[in-house]
Amino acid sequence: MTQTTGIINDQRLLAGAGEFYYGSSLSSLVRLGAYRDAVIESKRESSELVFDNDKINKFKKGSEFSFKFKLCEIDPDTLASLNEGWITKTSIPGTLVSGATQVIASNTIQFLSLVELEHQNYDNGAISITSIVGSVDGTISASDYFQVVGPAGRRNIYFKSGGSVTTLNQTFTITYNYTPAQSRKFTFADTGIASRFYARFIHERPDGKQITIDLKDVQNLTGLTIDFVGNSEDDVATCDIELNGKVTSQGFVYEV
């Protein structure tokens with residue numbers, strides 16, 4: 001006779017893949033890539049105080065955790081971000097590109113919403129925008145759009161309302177100049193202090209609900225180990241990461 005238990009169900013925690021976010025604050029997190037084979041370990045330490053008639057168990061580091069995983073989307077910029085204080089990235093400028101264009105489709109944005117420019121300067125500096133032309137309003141006044149740095153450190157623009165942009169039901173053609181990076185150089189310090197950052201891990205369950213873990217005061221404890229794969233292998237290159245940090249005040253968020 002078949003016997004079943006209630007242990008396995010759609011609410012279970014799965015050992016699978018998730019998404020990893022990084023930033024200098026919780027409001028500036030950017031996605032660094034997918035991860036798999038994650039192991040979460042509490043760093044809590046216990047001690048025992050012995051008295052004549054009783055004993056007290058105390059603990060410390062209750063909010064400190066380590067998070068070990070394989071990062072499955074690897075690029076040099078990501079590795080430099082995770083290893084600030086050890087790895088320094090320098091971008092080498094290429095040749096100026098003049099007259100690049102980018103078209104924003106009609107009814108795809110809102111006033112004050114950010115639109116990332118497709119091409120960026122090698123140093124993430126300000127882009128030289130020569131014109132923005134609307135299919136209805138014509139040339140948009142330079143006082144009616146603004147260029148800002150987005151959450152990922154890339155240049156974005158947004159339109160204000162009440163100016164020369166009368167409707168968003170039109171296409172906008174942006175013409176601009178930029179200097180791309182010809183190459184990037186990565187150098188390694190012999191000694192230093194590892195930077196601290198915020199991290200977020202999101203795992204989606206089979207029912208679509210998410211498990212979210214936010215850490216603060218995070219430091220990367222690992223060096224650099226990349227497991228390359230052959231062209232004929234059905235896998236991706238991975239990088240072993242071990243982070244140590246403290247769970248934020250919101251704890252582990254488990255959607256129900």
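As an exercise: evaluate residue 113 against (1) in a strand (DSSP E or B); (2) farther than 17 Å from residue 180 by Cα; (3) of a type in the set (Ser, Thr, Tyr) and give the number of the one condition it does not meet.
Here residue 113 clears every test but (1).
If only one of 100, 38 is surrounded by 11 or more Cβ atoms within 10 Å (Cβ to Cβ), modelled with pLDDT of 85 or more, outside the structural domain of residue 243 (by TED's automatic domain parsing) and hydrophobic (A, V, I, L, M, F, W, C), which one is it?
Criteria check complete, one pass: 100.
Just wondering, is there one or more residues in segment 192-205 that are among the charged types (D, E, K, R), part of a strand (DSSP E or B) and closer than 24 Å to residue 114 by Cβ?
Checked against the condition, which is being among the charged types (D, E, K, R), part of a strand (DSSP E or B) and closer than 24 Å to residue 114 by Cβ, segment 192-205 yields at least one hit.
Since residue 158 meets every condition but one in (1) closer than 30 Å to residue 18 by Cβ; (2) outside the structural domain of residue 27 (by TED's automatic domain parsing); (3) part of a strand (DSSP E or B); (4) of a type outside the set (A, V, I, L, M), which condition does it not meet?
Here residue 158 meets the rest and fails (1).
Take the residues in segment 164-199 that are surrounded by 15 or more Cβ atoms within 10 Å (Cβ to Cβ) and among the small types (Gly, Ala, Ser); name whichever of them is farthest from residue 75 (Cα to Cα).
Looking at the filtered set, the residue picked out is 164.
Of 229, 236, 218, 253, which residue is out of contact with any Cys (no Cβ under 8 Å at 6 or more places or on another chain) and not in a strand (DSSP E or B)?
229
Find all pairs meeting these conditions: Cβ atoms under 6 angstrom apart; at least six residues apart or on different chains; first residue within segment 105-118 and modelled with pLDDT under 95; second residue exposed (fewer than 13 other Cβ atoms within 10 Å of the Cβ) and not in a loop (DSSP other than H, G, I, E, B).
none
Restricting to segment 61-78, count the residues that are modelled with pLDDT under 85 and either surrounded by 16 or more Cβ atoms within 10 Å (Cβ to Cβ) or of a type in the set (Ser, Thr, Tyr) (or both).
The number of residues fulfilling the criteria is 3.
Among the candidates 166, 173, which residue alone is more than 24 Å from residue 93 (Cβ to Cβ), within 31 Å of the chain's Cα centre (by Cα) and either part of a loop (DSSP other than H, G, I, E, B) or in contact (Cβ under 8 Å) with a residue 60 or more places away in the chain (or both)?
173
The values are calculated or read from the model by the stated rules, or taken from the named source; none is laboratory data. Fair warning: this is a prediction, and the values are worked out from it, not measured in the lab. So basically every Cβ, Gly included, is an ideal-geometry build from the backbone, and we count neighbours across all protein chains shown.
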